[in-house]
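Student: This structure is in structure tokens; I'll ask about it shortly.
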Amino acid sequence: MAKEQASIITIFGGSGDLARRKLYPSLYQLYHRGVLKQHFAVIGTARRPWTNDYYHQIIAESLQDEPNTDAESVRDFASHFYYQSHDVTDSDHYVTLKNLSSKLDEEYGAEGNRLFYMAMAPRFFGTIASHIKSEDLFSKTGYNRLIIEKPFGRDYATAKELNDSIRAAFDEDQIYRIDHYLGKEMVQGLLALRFTNPLLTPIWNKDYIANVQITLAESVGVEERAGYYETAGALRDMVQNHIMQLIAYVAMEQPESFTPEHVHAAKNKLFSHLPVLSAEQAAKDWVRGQYAAGNGQPAYCDEDKVDAGSQIETYVAGKVELDDPRWVGVPFYVRTGKRLPRKTTQITINFKSMGQNIFDTVGCAEARTNRLTVYVEPEQGYTLTLNGKTLGANYELEQHDLDFRQQQADIDAAPEAYERLIRDALSGDQTNFTRWTEQKYTWQYIDAIRQAWDAGASLTKYAAGSNGPAAADELLARDGFEWAEQFK
């Protein structure tokens, strides 16, 4: 039975795309499951001069394709929403928000709890946080928590400036930096897979693992995100946050316990072993590409809101080498890109070979390496590939897959990533969010790559619908490896 959470939730950017696509559907599912019930209200703020009735129409429209909906439930849910036209730079508007919050707290019995969600451009985060403090929107009787969306800066310097401005108003334990990959089912399941199976835990190190591969592939182009992408690129958009967090879950030491403090301590220790890359090493170990026209799809530079001569990357592949004693000598190959043959997110652990094959004496082929593949999306599950004997009298070896997949019906019924993370924020659980120290380490690592590229590293074009730049394959080939996932 879900525990009901009482709170006044203020969404800065309540008219925006993120709120409509992710936040309102997630809040509705929490309402459907009973996490939000009677003792909550949502204040949506933006510049637009909407009425509450019009805002309720927007809420209902955002739920049209959601499961578990009916007209009465949607109407009752929307009745908890209030719209307040708001200029984030105007102090008087925060006084209005404060008064509305107090009124709704009394009306709904929200126990003085306040959850602030910044669902707008990061350049406003510091301004909003400062006004929340200066105009005293903080509750004196309940909690005060802040959810922040990425991008969290463009580099270490801007991320630190942003963090300092927010920390001037909120303590670290009040800040929830959201990375929606940490809300995905199979990402959350990685720690259970690693630390509850004696088959895997003792061999999860450099003595038994040859390399780790992480793939985040998308079949779509930049679409409506072109304006943002021109300021970010794949390195900032995907590697600094999502991929680095996946590396942490794959590589960190076992936490003392499954608590936010111990999980983040393990992640911080792991990220402290990210090396300082030289310009030469960054240029050698990191590949960038941009999709050209192909398979009936336009080139990136022909997309709306993209500069015709843009040098922004839509594909990144690289090799991460940790100086952690557990992982010295084990390359972590990562890649992410748009306009690839299909959408998939997966993690592959390639184990080392046994070295000696006793079946050589009977002419048997060499045993191939074992492999564990974790499918994050759209499939969810994992495959363990082992060597076995072929059926028959001769001793020939073949690979057998021990395979598990979640049923699609179960996937559809399970909470979506944003729903999980908003629920965690309401309950005060920071385990699946990021902290500033992690951001500091990953930005410093990413900055070295960005600087090497800006100094003149080549940008390779690849045809839309292809596997990406050939240089990404060469990155592994020079170490004697290949990508486990071949798109075609």
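The values are calculated or read from the model by the stated rules, or taken from the named source; none is laboratory data. All values reported here derive from a predicted model rather than from experimental measurement. Using ideal geometry, Cβ is built from the backbone for each residue, glycine included, and neighbour counts are taken over all protein chains shown.
Student: In a strand (DSSP E or B), assigned by TED's automatic domain parsing to the domain that holds R21 and more than 20 Å from R423 (Cβ to Cβ) - does that describe any residue in segment 86-103?
Tutor: Applying the first criterion (in a strand (DSSP E or B)) to segment 86-103 yields none.
No, segment 86-103 contains no residue that is in a strand (DSSP E or B), assigned by TED's automatic domain parsing to the domain that holds R21 and more than 20 Å from R423 (Cβ to Cβ).
Student: Looking at segment 297-309, which of its residues are in contact (Cβ under 8 Å) with a residue 60 or more places away in the chain and more than 18 Å from A234 (Cβ to Cβ)?
Tutor: D304
Student: Among the candidates I312, I349, I358, which residue alone is β-branched (V, I, T), free of Cβ contacts under 8 Å to residues at least 40 places away in the same chain and in the same structural domain as V250 (by TED's automatic domain parsing)?
Tutor: I358
Student: Can you tell me which of I209, I203, I214 is surrounded by fewer than 17 Cβ atoms within 10 Å (Cβ to Cβ), in the same structural domain as N295 (by TED's automatic domain parsing) and in contact (Cβ under 8 Å) with a residue 60 or more places away in the chain?
Tutor: Testing whether each residue is surrounded by fewer than 17 Cβ atoms within 10 Å (Cβ to Cβ), in the same structural domain as N295 (by TED's automatic domain parsing) and in contact (Cβ under 8 Å) with a residue 60 or more places away in the chain leaves just I203.
Student: I'd like the full set of residues that are under 14 Å from T10 (Cβ atoms), among the hydroxyl-bearing types (S, T, Y) and out of contact with any Lys or Arg (no Cβ under 9 Å at 6 or more places or on another chain), limited to segment 82-96.
Tutor: Within segment 82-96, Y82, Y94, T96 meet the criteria.
Student: Still on this model: Name the pairs whose Cβ atoms lie under 7 Å apart, with the first residue in segment 234-262 and over 20 Å from D447 (Cβ atoms), the second assigned to a loop (DSSP other than H, G, I, E, B) and of a type in the set (V, I, T), and 6 or more positions between them or separate chains?
Tutor: Once the first residue is over 20 Å from D447 (Cβ atoms) and sits in segment 234-262, its partners that are assigned to a loop (DSSP other than H, G, I, E, B) and of a type in the set (V, I, T) give P260/T431.
Student: Give A110, A60 a once-over and let me know the one that is within 31 Å of the chain's Cα centre (by Cα) and either outside any loop (DSSP other than H, G, I, E, B) or without any contact (Cβ under 8 Å) to a residue 12 or more places away in the chain (or both). Step through it out loud before you land on a result.
Tutor: On the way: A110 fails: either outside any loop (DSSP other than H, G, I, E, B) or without any contact (Cβ under 8 Å) to a residue 12 or more places away in the chain (or both).
The unique qualifying residue is A60.
Student: Here is a further query. Let me confirm something: among F138, F116, F125, which residue is in contact with a strand residue (DSSP E or B) (Cβ under 7 Å, 6 or more places away or on another chain) and over 14 Å from I9 (Cα atoms)?
Tutor: It is F125.
Student: Just to be sure before I move on: is R450 in the same structural domain as G388 (by TED's automatic domain parsing), touching a residue at least 24 places away in the same chain (Cβ under 8 Å) and closer than 24 Å to L182 by Cβ in the structure I sent?
Tutor: It is true that R450 is in the same structural domain as G388 (by TED's automatic domain parsing), touching a residue at least 24 places away in the same chain (Cβ under 8 Å) and closer than 24 Å to L182 by Cβ.
Student: Give the residue that is surrounded by the most Cβ atoms within 10 Å (Cβ to Cβ), with candidates limited to residues of segment 117-139 that are assigned to a helix (DSSP H, G or I) and hydrophobic (A, V, I, L, M, F, W, C).
Tutor: Taking the candidates together, the pick is I128.
Student: Restricting the first residue to segment 461-485 and requiring it to be within 15 Å of N350 (Cβ to Cβ), which pairs with a second residue that is surrounded by fewer than 17 Cβ atoms within 10 Å (Cβ to Cβ) and of a type in the set (D, E) meet a Cβ separation below 6 Å and a spacing of at least six or different chains?
Tutor: Cβ pairs passing all conditions: L476/E482.
Student: Being assigned to a strand (DSSP E or B), in the same structural domain as E396 (by TED's automatic domain parsing) and within 17 Å of L475 (Cα to Cα) narrows it down to one residue among G329, G318; which is it?
Tutor: Criteria check complete, one pass: G318.
Student: Let me ask something else about it. Considering only segment 1-16, state which residues are free of Cβ contacts under 8 Å to residues at least 60 places away in the same chain and either touching a Lys or Arg at 6+ places or on another chain (Cβ under 9 Å) or assigned by TED's automatic domain parsing to the domain that holds F116 (or both). Before you say what the answer is, go through the steps one by one.
Tutor: So the first thing to find is which residues in segment 1-16 are free of Cβ contacts under 8 Å to residues at least 60 places away in the same chain, and the list is 1-2, 4, 15.
Residues satisfying the conditions are A2, E4, S15.
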